[in-house]
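K.L.:
I have a structure here, written as structure tokens, and I will follow up with some questions on it.
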Amino acid sequence: MTSGLHLPLSALVLLVLNSDIRTTAPLNLQIVAGGKLVWTASIQPGEEFDLAYEHSREHSTWIHHYVAMNEGSIHQVSSTFSAFGAGMPLTGATVRTAAGFTIRQSQWLGELRMLNWRPSAITLRYRRKEILIGQRLSDFEPFVVRVR
């Protein structure tokens with residue numbers, strides 16, 4: 001008498017074929033400061049998020065639009081400014097929108113390295129929520145926004 005599991009040949013072939021299926025690891029959108037994770041949430045490849053802040057000189061809102069990429073990088077797709085003039089980016093076509101002026105720009109970034117300045121009210125806009133980064137960090141504290 002033999003003991004053990006006996007599978008039909010078709011089931012064995014299916015197991016072998018499925019054993020090589022690679023799944024992508026879940027990604028997280030993270031804010032890191034001082035080597036510590038300050039905030040995190042899951043994010044899907046292709047999902048959008050924005051960083052908004054008040055420009056110190058112009059007192060106008062700047063919003064940078066990003067997309068999380070499969071390999072854990074960030075793709076900047078455009079920027080929107082509530083005012084436009086001297087010192088503003090000149091690359092790309094400028095389109096007038098309800099939010100101001102939008103410039104399309106394609107820029108591949110590994111991560112976003114920033115410096116907190118509380119009066120600028122840096123805000124992460126993600127999944128219809130606003131995460132007030134500027135209130136979670138000290139003034140002039142460096143931080144990183146990344147996808148991992």
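K.L.:
Taking segment 47-77, which residues are on the phi > 0 side of the Ramachandran plot and touching a residue at least 24 places away in the same chain (Cβ under 8 Å)?
P.N.:
Once the filter is applied, which keeps residues that are on the phi > 0 side of the Ramachandran plot and touching a residue at least 24 places away in the same chain (Cβ under 8 Å), segment 47-77 yields only GLY72.
K.L.:
Taking into account only those residues within segment 36-59 that are over 12 Å from the mean Cα position of the chain (by Cα) and surrounded by 16 or more Cβ atoms within 10 Å (Cβ to Cβ), which is farthest from ALA99 (Cα to Cα)?
P.N.:
That would be VAL38.
K.L.:
For segment 61-81, give me each residue that is surrounded by fewer than 19 Cβ atoms within 10 Å (Cβ to Cβ) and of a type in the set (A, V, I, L, M).
P.N.:
ILE63, VAL67, MET69, VAL77
K.L.:
Checking THR102 against (1) assigned to a strand (DSSP E or B); (2) within 12 Å of the chain's Cα centre (by Cα), only one condition comes out false. Which one?
P.N.:
Single failed check for THR102: (2).
K.L.:
So how many residues does segment 127-148 have that are loosely packed, with under 13 Cβ neighbours inside 10 Å and aromatic (Phe, Trp, Tyr)?
P.N.:
The number of residues fulfilling the criteria is 1.
K.L.:
Something else: Exactly one of these conditions fails for LEU124: (1) out of contact with any helix residue (DSSP H, G or I) (no Cβ under 6 Å at 6 or more places or on another chain); (2) surrounded by 15 or more Cβ atoms within 10 Å (Cβ to Cβ); (3) at pLDDT 95 or above; (4) within 18 Å of ASN28 (Cβ to Cβ). Give me its number.
P.N.:
Against the list (1) out of contact with any helix residue (DSSP H, G or I) (no Cβ under 6 Å at 6 or more places or on another chain); (2) surrounded by 15 or more Cβ atoms within 10 Å (Cβ to Cβ); (3) at pLDDT 95 or above; (4) within 18 Å of ASN28 (Cβ to Cβ), LEU124 comes up short only on (1).
K.L.:
In addition: Given the conditions (1) exposed (fewer than 13 other Cβ atoms within 10 Å of the Cβ); (2) modelled with pLDDT of 90 or more, and given that ASN116 satisfies all but one, which numbered condition is not satisfied?
P.N.:
(1)
K.L.:
Taking ILE133, is it closer than 21 Å to VAL32 by Cα and β-branched (Val, Ile, Thr)?
P.N.:
On the way: closer than 21 Å to VAL32 by Cα: yes; β-branched (Val, Ile, Thr): yes.
Against the criterion (closer than 21 Å to VAL32 by Cα and β-branched (Val, Ile, Thr)), ILE133 qualifies.
K.L.:
Among the numbered conditions (1) touching a helix residue (DSSP H, G or I) at 6+ places or on another chain (Cβ under 6 Å); (2) at pLDDT 95 or above, tell me where GLU111 comes up short.
P.N.:
The one condition GLU111 does not meet is (1).
The values are calculated or read from the model by the stated rules, or taken from the named source; none is laboratory data. Computed from a predicted model, the values in this text were never measured in an experiment. Don't worry about glycine lacking a Cβ; one is built from the backbone with ideal geometry, like all the others, and counts go over all protein chains shown.
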